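K.L.:
The structure under discussion is supplied below as structure tokens; questions concerning it will follow.
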Amino acid sequence: MKKRGGLLAAPYTVWMALFTVIPMLLVVYFAFTGEDGRFTFGNFSQLLGYGAVFGRSFWLAALATVVCLAVGYPLAYAMSRETGAVRNTAMLLLMLPMWINILLRTYAWMSILENKGLLNQLLSFLRLPPVRIINTPAAVALGMVYNYLPFMVLPILTVIQKIDGSVIEAAQDLGGSQFTVFKRVILPLSLPGVLSGVTMVFVPGVSTFIISQLLGGGKSMMLGDLIEMQFLGSTYNPYLGSAISLVMMVIVLISMAVMNRFGEGEEEVMVL
Amino acid sequence: MKKELIRLVDCTMAFDGEIVLNAINLTIHNKEFLTLLGPSGCGKTTTLRIIGGFETPTSGSVLFDGVRINEVPPHKRRVNTVFQKYALFPHLNVFENVAFGLRIPQSVPVTEGGKTRQKKVRLQEAEIGQRVQDALELVGLKGYHRRRVHQLSGGQQQRVAIARAIVNRPQVLLLDEPLGALDLKLRKEMQHELKEIQQQVGITFVYVTHDQEEALTMSDTVVVMNQGNIQQIGTPVDIYNEPVNAFVADFIGESNIIQGVMHRDNDVSFAGKRFLCVDSGFDPDQPVDVVIRPEDVRLTAPKDGQLRGTVNSVTFKGVFYEIYVDVGELEWMVHSTAAPKVGDEVGLCLTPEDIHVMDRPDLFPEGAEALTIEDIDPEPDFEDKYVDEEPPEAEL
């Protein structure tokens, strides 16, 4: 039985080895290799010059995650309380943008946020002062929230839906008002969903590159853009690019480990 | 007479136009152990949920201490529930599960400067601790307070659920098939423990089950329900010995239910024979159900029996044998400590007290006139079988 299972997993094992493990090893190898092909820590000392990019990436990803959580949790909770047509419609509206290519969506945001874009036309129509938002970090954060919101809502919704209705009734039965039931039962039981939602927004958020280029106007360069430059741009330097990737990965792993510590009290409720 | 605590008045419940409770009336007294008994879909759980506040009846009233509480939400009722699947909080340990209700601030009327207002009061941690320990001790889980609920067996989770409910000192505890998931031995133990707990804490228990044995063992009052209607309310002894109709008789214990005709008081015919019985008050020649408990039938030699038949099957049940006897059209169930062999000819003997004659509710109120005695009287089929042994009874 066990052997059989191993066999069934073989295609994926091969896939993993070819496209995950070996590339990772290559990244590590390049990160510690200089242009002369020798072992070096030099790539990492160069990283110090990019502290601002690291800082901005993590800060914007964290900001987008917090906004996604603030918007997404209430939405997920509200959706979990609806049934039938209302919930299906909400789900459709949530998913609809994801069926459109991310580049198209981001270009659309560009034309909305431009200095003479839709947003400012609307504001001037309402006789309000225009806003300068395009090419600022705020525009990048907005773009990230827009693109990643479904990844926050869906895991939270799934977990809230799975909470046994009789547990909620039990809490009401024991004297819990709607607020108490939410605070003491639904919220703690939905934390695993929050954890996976945060992971699914924060991790891709840190390495975002196209959103920051289009909406941040190059002034809000993020790690993703920096890495792209090393591999595809004029400053071709895969060694430095690998080092940046490696450090970013390590920082993300550490953040996830810290996050999971928070959720440890809920270990019996499995994480998605 | 005990004090009335809860009264359901003409409570009807319909889900999507389908009636699950049909204008039921029920009075629950203080400190009573009342069981709602019936097959699945009979409305017993709905009745419980109406009392708990989880459903609002489509029409009718729920009175608690004489006050209408139809619209009062569950968290404002002095009623706690033990749920069918325990519904323990998976993220809390045993102590916090039991303490859940105690940690919720209670509204207490406070008089200050001649004015009375509601004030939220939190219990002291020491009192919470004491009450949780007491409750856990009551259900036999002393020392388990630090366990996580998923580390407990089904029986232990059940006990936590009971402790969690009674720790709030409700006036009424509602129990929704709480022992359904436990094995037989544990279920029997818990039946006795529940009864003890009820007597110790001295509150009203409303218990829902489909298990007649559970109902008979624990209850002061049994309410038998079927298809959204209350069939009978009575003590376990009444319900068992004096079922009002064939449904109750069949549901409470094993029964042979035979269609017959009540010719006049104390004179009934069924299975092709006339019998003396102790029932009276029926219309002349009224079609009736005759209910006979399998343990009341006495097996005799074929020639000594009032009825005779062939043994179809014999099953050992521990204290007795369950014997199916083919008596003409009907197969009778007989419980006996003696075991005949399959294929044996046996006689069946009944005393007048063994024969319970009941109205046939399915014939009333409509359709009663349409039926004639010939439609139901099985006599013609039986006549030729018995004609050589028994002289025909005198015509009335």
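The values are calculated or read from the model by the stated rules, or taken from the named source; none is laboratory data. Just so it is clear, the model here is predicted, and its values are computed rather than measured. When we count neighbours, we look across all protein chains shown, and the Cβ atoms used for this are built from the backbone with ideal geometry, even at glycine. Areas reflect the complete protein model, heavy atoms only, side chains present, ligands, DNA and RNA absent. Shrake-Rupley method; radii C 1.70, N 1.55, O 1.52, S 1.80 Å.
K.L.:
Between B:Leu173, B:Leu276, B:Leu102, which gets the highest mean-square fluctuation from a Gaussian network model of chain B, Cα cutoff 10 Å?
P.N.:
Top of the fluctuation ranking is B:Leu276.
K.L.:
Reachable lysines from B:Lys185, Cα under 20 Å, same-chain residues fewer than 8 places away excluded?
P.N.:
B:Lys85, B:Lys195, B:Lys317
K.L.:
Reported to two decimal places, what Rg/Rh ratio describes chain A when computed on Cα atoms with Rh from the Kirkwood expression? Please list the in-between numbers first.
P.N.:
Values: Rg = 22.4 Å, Rh = 21.6 Å.
That ratio is 1.04, to two decimals.
K.L.:
Restricting to DSSP H runs of at least four residues, report the calculated mean residue ellipticity at 222 nm for the protein assembly as shown, -39500 (n - 2.57) per run over all residues, nearest 500 deg cm²/dmol. Mind showing how you got there, number by number?
P.N.:
On the way: 25 runs with 285 residues, N = 668.
Computed ellipticity for the protein assembly as shown at 222 nm equals -13000 deg cm²/dmol.
K.L.:
Report, in whole Å, the centroid distance computed from the Cα atoms of segment A:178-223 and segment B:39-89.
P.N.:
Spelled out, the Cα-based centre of one part sits 41 Å from the other.
K.L.:
Now, a different point. Calculate log10 I(q)/I(0) of segment B:267-328 for q = 0.12, 0.18, 0.20, 0.30 Å⁻¹, where I(q) comes from the Debye formula with a single equal point scatterer on each Cα and nothing for solvent.
P.N.:
Each listed q corresponds, in turn, to -0.40, -0.81, -0.94, -1.49.
K.L.:
Another one. With a cut-off of at most 14 other beta carbons within 10 Å, and DSSP calling the residue loop, which GluC sites (Glu not before Pro) in segment B:1-108 qualify? Please list them.
P.N.:
Numbers: sites: B:Glu4, B:Glu18, B:Glu32, B:Glu55, B:Glu71, B:Glu96; in loops: B:Glu32, B:Glu55, B:Glu71.
Listed in order of number, the matching sites are B:Glu71.
K.L.:
Starting from the Cα of B:Lys120, step 7 Å along the direction of its Cβ; do the same at B:Ala301; then give the gap between the two resulting points in nm.
P.N.:
8.5 nm
K.L.:
Given contacts defined as C-alpha pairs under 8 Å and at least six residues apart, what's the relative contact order of chain A, whole-number percent? Mind showing how you got there, number by number?
P.N.:
Numbers: 299 pairs, mean separation 75.4, N = 272.
The normalised contact order for chain A reaches 28 percent.
K.L.:
In sequence order, what are the phi-derived ³J(HN,Hα) couplings for segment A:169-175 according to the Karplus relation 6.51 cos²θ - 1.76 cosθ + 1.60 with θ = phi - 60°, rounded to whole Hz, with x for glycine and proline?
P.N.:
4, 4, 5, 5, 4, 7, x
K.L.:
Here is a further query. Using a 1.4 Å probe, what is the accessible area per residue for the protein assembly as shown, in Å²? Spell out each step's value before the answer.
P.N.:
Values: 34150 Å² over 668 residues.
Accessible surface, normalised per residue, equals 51 Å².
K.L.:
For an R0 of 60 angstrom, estimate the FRET efficiency from the Cβ-Cβ distance between B:Glu196 and A:Phe19 and round to the nearest 0.05. Don't skip to the end; give the middle numbers.
P.N.:
Details: r = 65 Å, r/R0 = 1.09.
The calculated FRET efficiency here is 0.40.
K.L.:
Follow-up question, since we're still on this one. Compute accessible area for segment B:77-93 by itself and then with all protein chains, 1.4 Å probe, and report residues whose area falls by 30 Å² or more.
P.N.:
In segment B:77-93, residues shielded by partner chains: B:Asn80, B:Phe83, B:Ala87, B:Phe89, B:Pro90, B:His91.
K.L.:
Hey, what did chain B get for relative contact order, percent, Cα under 8 Å, at least 6 apart?
P.N.:
Details: 787 pairs, mean separation 56.8, N = 396.
Once divided by the residue count of chain B, the mean separation gives 14 percent.
K.L.:
Can you give the Rg and Dmax of segment A:199-254 based on its C-alpha atoms, in angstrom?
P.N.:
Cα-based Rg and Dmax for segment A:199-254 come out at 11.4, 32 Å.
K.L.:
Can you list the residues, at least 5 places off or on another chain, whose amide H is less than 5 Å from the amide H of B:Gly228, using H built in the peptide plane?
P.N.:
Sorted by chain and number, the residues that satisfy this are B:Gly43.
K.L.:
Here is a follow-up. Over segment A:99-223, what percent of the accessible surface lies on carbon and sulfur atoms, probe 1.4 Å?
P.N.:
On the way: 3950 of 5680 Å².
Roughly 69 percent, rounded to a whole number.
K.L.:
Expressed as an acute angle from 0 to 90° and rounded to the nearest 10, what is the orientation of the C-alpha long axis of helix B:154-166 relative to the principal long axis of chain B?
P.N.:
60 degrees
K.L.:
Okay, moving on. On a straight-distance basis, which lysines could pair with B:Lys119 in a cross-link, Cα separation under 27 angstrom, same-chain partners fewer than 8 positions away excluded?
P.N.:
Straight-line reach from B:Lys119, under 27 Å: A:Lys183, B:Lys76.
K.L.:
In vacuum, with every alpha carbon of segment A:1-64 counted as one equal point scatterer, what does the Debye formula give for log10 I(q)/I(0) at q = 0.18, 0.19, 0.23, 0.24 Å⁻¹? Two decimals, please.
P.N.:
-0.83, -0.85, -0.95, -0.97
K.L.:
Now for a separate question. Residue-wise, which Karplus ³J(HN,Hα) couplings in Hz belong to segment B:66-81, taking 6.51 cos²θ - 1.76 cosθ + 1.60, θ = phi - 60°, and x for glycine or proline?
P.N.:
Those phi angles translate into x, 9, 6, 10, 3, 9, 6, x, x, 6, 9, 9, 8, 9, 10, 10 Hz.
K.L.:
Between B:Thr27 and B:Arg68, what length in nm is gained on full extension when 0.36 nm per residue of separation is reduced by their alpha carbon distance?
P.N.:
Working: separation 41, 0.36 × 41 = 14.76 nm, distance 1.37 nm.
Taking B:Thr27 through B:Arg68 to full extension adds about 13.4 nm, to one decimal.
K.L.:
Where is the GNM fluctuation largest for chain A (alpha-carbon springs, 10 angstrom cutoff): A:Leu174, A:Leu142, A:Leu26?
P.N.:
A:Leu174
K.L.:
Okay, moving on. What are the residues whose amide H is under 5 Å from the amide H of A:Gly176, where those residues sit 5 or more places off or on another chain and H is modelled from the backbone?
P.N.:
Amide H neighbours of A:Gly176, under 5 Å, 5+ apart: none.
K.L.:
May I ask you to list the residues of segment B:245-264 whose amide nitrogen lies under 15 Å from a point 7 Å from Cα along the Cα→beta-carbon direction of B:Glu329?
P.N.:
B:257-262
K.L.:
Please list the non-local residues whose amide H lies under 5 Å from the amide H of B:Val172, H modeled 1.01 Å from N, same-chain partners needing a gap of 5 or more.
P.N.:
The list, which skips near neighbours in sequence, is B:Asn80.
K.L.:
Take the eigenvalues of the Cα gyration tensor for chain B, scale each by 5, and report the square roots as semi-axes in whole Å, largest first. Each step should come with its number before you reach the end.
P.N.:
Working: eigenvalues 520, 131, 46 Å².
Result for chain B: semi-axes of 51, 26, 15 Å.
K.L.:
Something else: ³J(HN,Hα) across segment B:92-107 via Karplus (A = 6.51, B = -1.76, C = 1.60, θ = phi - 60°), whole Hz, x for Gly/Pro?
P.N.:
Each residue of segment B:92-107 in turn: 10, 7, 4, 4, 5, 4, 5, 7, 3, x, 6, 7, 8, x, 9, 7 Hz.
K.L.:
Cα extents of the protein assembly as shown along the three principal axes, largest first, in whole Å?
P.N.:
If we take the Cα atoms of the protein assembly as shown, the spans are 121, 80, 58 Å.
K.L.:
Segment A:96-205: which trypsin sites (Lys or Arg not before Pro) are DSSP loop and have at most 13 other beta-carbon atoms within 10 angstrom? Display every interim value, and only then the final one.
P.N.:
Values: sites: A:Arg105, A:Lys116, A:Arg127, A:Arg132, A:Lys162, A:Lys183, A:Arg184; in loops: A:Lys116, A:Arg127, A:Arg132.
When the trypsin sites (Lys or Arg not before Pro) of segment A:96-205 are filtered for loop state and at most 13 Cβ neighbours within 10 Å, A:Lys116, A:Arg127, A:Arg132 remain.
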